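Each value in this text was obtained by applying a stated rule to the coordinates, not by laboratory testing. Given the structure is predicted, the values throughout are model-derived calculations rather than measurements. Here the Cβ positions follow ideal geometry from the backbone for every residue, glycine too, while neighbour counts run over all protein chains shown.
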Amino acid sequence: MSDARTPAQIEADIITRREQLAVVLDEIGVRVHPKTIIGDAKAKAAEAVDRTAGRAFVAVNRTVSDVKAQFVSEDGAPRLERVIPAAMLAVGVVGLVVASKRRRRS
């Protein structure tokens, strides 16, 4: 059995290799095209923003849940021993701000 190939086999191999090379070159051309590079950069930036926004949402949601747990019991009833002092503090701060603005006007 001989490993010698016929000229037709060699020519068919060359044609096949050319077609494969053409496909690879087309893929490279698409990858290095400025629009493709810009599109990839935009997609990466959007993914980073989405990931950051998702983390921020989770952090805020967790904080709100923690604060809510301080003022509402597990059965949903308000914890008056904590709500009343917080409300009085808020009213006091608002009163100080209003009084400060009135002093500045006069």
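Observations
- Residue check for ARG104: loosely packed, with under 10 Cβ neighbours inside 10 Å, in a helix (DSSP H, G or I) and not aliphatic (A, V, I, L, M): yes
- Test: ASP75 is without any contact (Cβ under 8 Å) to a residue 24 or more places away in the chain and loosely packed, with under 10 Cβ neighbours inside 10 Å: yes
- Residues that are within 15 Å of the chain's Cα centre (by Cα) and of a type outside the set (D, E, K, R), drawn from the range 5-53: ALA41, ALA43, ALA45, ALA46, ALA48, VAL49, THR52, ALA53
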